[in-house]
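Note sheet for the following structure.
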Amino acid sequence: MDIPILYEDNHLLIVEKPPNIPVQEDRTGDKDLLTLLKEDIKNRYAKPGNVYLGLVHRLDRPVGGAMVFAKTSKAASRLADELRRQAIGRTYVAIVRGTPAKKKGKLVHHLVKDARENKVHVVDAKRKDAKQAVLDYEVIASSDKLSMLTVNLHTGRPHQIRVQLAAIGCPLYGDQKYGVSVNRPGQQIALWAQSLKLTHPTKKEEVSIQSSPPSEYPWNLFDGFR
């Protein structure tokens, strides 16, 4: 599988995750991104034995875009600390059904994941197992009953963008889990990890990476805005 490398040095590997591939091994048994990247590093550098590659964050299986991995344990530890401090900037671009009531806004919900059905629900903030989810969004353009948004995450909850946008009546195009009434089977979810900004774990310099979604429907409705 061709996995574009967006940045690589001794400590970091940033790639463009293809849609519809799991980030790590799951119960489907399908080939996962982490395993493929370890195999690629082993082959490219003729490394003996096991290859270390640390998973820093995750993307849902149907989502594509920029992902960072740690090639050393030192990098993994420092990037995990950045993530905890919300110091890694993660911007997504999404296409949703309809248009949010406000052009720009902050969404704050409390979420609980049902592991049995692999689905996240918005619940009352007083519920003990609820976890706060926060994101900022901005509407960039609207067309054909669809809108393009940029989304910045402040927390990293499972399915967060999908659940929160569905909660305000704007489910993602193609998302059958949280927009089953308006999306059809076979439609590709329109959510893409567009940019990453982080501090290099050893150089202490800013690393800024961009990744663009494919020029196909519905993304091509907004080619001039991406």
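The values are calculated or read from the model by the stated rules, or taken from the named source; none is laboratory data. Given the structure is predicted, the values throughout are model-derived calculations rather than measurements. Cβ placement follows ideal geometry from the backbone for every residue including glycine, while neighbour counts extend to all protein chains displayed. Heads up: the accessible areas ignore ligands, DNA and RNA and are worked out on the full protein's heavy atoms, side chains in. Shrake-Rupley method; radii C 1.70, N 1.55, O 1.52, S 1.80 Å.
Tabulated results
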| quantity | calculated |
| --- | --- |
| Separation in nanometres of the label points that stand 7 Å from Cα toward Cβ, at THR202 and VAL180 | 4.9 nm |
| Volume in Å³ per residue [convex hull over Cα atoms, computed for the chain] | 143 Å³ |
| Estimated FRET transfer efficiency (ASP129, ALA46; beta-carbon r; R0 41 Å; 0.05) | 0.30 |
| Of ALA75, ILE168, PHE225, farthest towards positive along the dipole that unit charges on Lys, Arg, Asp, Glu beta carbons give the chain | ILE168 |
| Gyration tensor verdict on region 78-173 (Cα atoms; rounded if a/c is under 1.5, prolate if a/b is larger than b/c, oblate otherwise) | oblate |
| Dipole in debye (nearest 20) - region 42-165, about Cα centre, beta carbon charges: Lys, Arg +1; Asp, Glu -1 | 300 debye |
| Helical contribution to [θ] at 222 nm, DSSP H n ≥ 4, -39,500 (n - 2.57), averaged over the chain, rounded to 500 | -4000 deg cm²/dmol |
| Residue-normalised accessible area of region 71-226, given per residue in Å² at a 1.4 Å probe | 53 Å² |
| Shape of region 35-83, Cα gyration tensor, a/c cut at 1.5 | oblate |
| 3J(HN,Hα) from dihedral phi, region 211-218, Karplus parametrisation 6.51/-1.76/1.60, rounded to Hz, x for glycine, proline | 9, 9, x, x, 8, 9, 5, x |
| Shape category assigned to region 151-226 from the gyration tensor of Cα positions, a/c cut at 1.5 | oblate |
| Carbon and sulfur %, accessible surface of the chain computed with the full protein complex present, 1.4 Å | 46 percent |
| Under-26-angstrom lysine pairs by C-alpha in region 4-124, whenever the two are 8 or more apart or on separate chains | 21 |
| Whole-angstrom gap from region 93-144 to region 28-74, using each part's C-alpha centre | 28 Å |
